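In what follows, a single structure is set out as structure tokens and then discussed.
The values are calculated or read from the model by the stated rules, or taken from the named source; none is laboratory data. Keep in mind the model is a prediction, meaning the values are calculated, not measured. Note: ideal-geometry Cβ built from the backbone for every residue, glycine included; neighbour counts use all protein chains shown.
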Amino acid sequence: MSARIARGNGGGGGGRGGARSGARPRQTGRSVNTRRPKNQSLLDSFGLPAGAGRRIGGWAFALIGLVLVVTLVLAFRLPQLAGAALAESIGGAGFTMQRVEIKGAERVSRLDIYNVAFDQPSMAMPLVDLQGTRERLLQFGWIKEARVHRRLPDTLVVDIVERRPAAIWQNNRRLSLIDAEGVVLEPVRIDAMPELPLVIGPGANRHLNLLDALLASTPHLRPQVAGAAWIGGRRWDIRFQTGEVLSLPEGDRPSRRAILHFARMDQQTQLLGRGFVRFDMRIPGRFIVRVSRQPGTSVPELVPPDPGPTPPDLARTI
């Protein structure tokens, strides 16, 4: 008999009685080990392939590090500083602004344009602020549009489009030259007023386009207009060179119909230059004529329009 069998028999030497004497019964179930192996990551425990969790964790830490580096670079403006240094080196190589060429400037002061153009953070051509220069030039009343560009190696070109004066605006006893859009160009002295229509009243400059449209519909009246007053922010009073005033109603359509009707009557009966003071057309369907109340003033006579020669057929019937 072998030694292994002998040990087995010895262990059970008590037979059944040995089992009853207090020996623990042998467990047949298997125990479960809940501890993670040392070489296994937390992500591997979710069922990922072996080593995949470790690689994903490494990529995550690398991404966090990259974001941190980019944040620090942007915080300290390193790209801007590097670009500025490169631009300065280009300027040091001869690409430095030394001349300003101005085109289209007739009314605006050329000295003011030079002062704006040379007011730069750096004279190096790559660092010349084109957009900022243009915005500062547009603050001048006379300048309607400005185009600014570089011409290497050393010239800044400024192309100016000026506004055209269209009227003189009187407001609060001040006279200003304005363009068709109502932009104030410059103050005007009363002894040096140009031959332009005079518009009077608060906001009259902003409604100059409405007045221009009214006068455009009556070409034969336009040369006789001396000015207009914007009344109450609602309507126009038009003053003619012969001294009369035409009061128009409110609204674009009513005022246009009124001035067209007045133009037809003036062509038929010559209302202007007859000594009248005011023509009031504010009430629809009514035409009120006012005369001077000064002593010795005669009342002008309105002559009805000449219908022309009577047709021969009509004369025979009469």
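Looking at (1) assigned by TED's automatic domain parsing to the domain that holds VAL100; (2) under 22 Å from ALA226 (Cβ atoms), can you tell me which one TYR114 breaks?
All conditions pass for TYR114, except number (2).
Filter the range 163-185 down to residues that are charged (D, E, K, R) and outside any strand (DSSP E or B) and give me whichever is farthest from ARG134 (Cα to Cα).
Filtering first and then ranking leaves ARG173.
Testing ILE160 on (1) surrounded by 15 or more Cβ atoms within 10 Å (Cβ to Cβ); (2) in a helix (DSSP H, G or I), one condition comes back false. Which one is that?
(2)
One line per residue, one yes/no per condition, for (1) buried (at least 16 other Cβ atoms within 10 Å of the Cβ); (2) among the hydrophobic types (A, V, I, L, M, F, W, C); (3) within 15 Å of ARG99 (Cβ to Cβ):
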| site | (1), (2), (3) |
| --- | --- |
| ASP119 | no, no, no |
| SER122 | no, no, no |
| LEU130 | no, yes, no |
| LEU137 | yes, yes, no |
| GLU145 | no, no, no |
| HIS149 | no, no, yes |
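Taking only pairs six or more apart or across chains, which ones have beta-carbon atoms under 8 Å, a first residue in the range 211-229 that is assigned to a helix (DSSP H, G or I), and a second residue that is crowded, with 19+ Cβ neighbours inside 10 Å and acidic (Asp, Glu)?
none
Would you check which residues across the range 176-185 are loosely packed, with under 14 Cβ neighbours inside 10 Å and among the charged types (D, E, K, R) and list them?
The one that is loosely packed, with under 14 Cβ neighbours inside 10 Å and among the charged types (D, E, K, R): GLU181.
So which residues in the range 245-288 are among the polar types (S, T, N, Q), surrounded by 15 or more Cβ atoms within 10 Å (Cβ to Cβ) and in a helix (DSSP H, G or I)?
SER255
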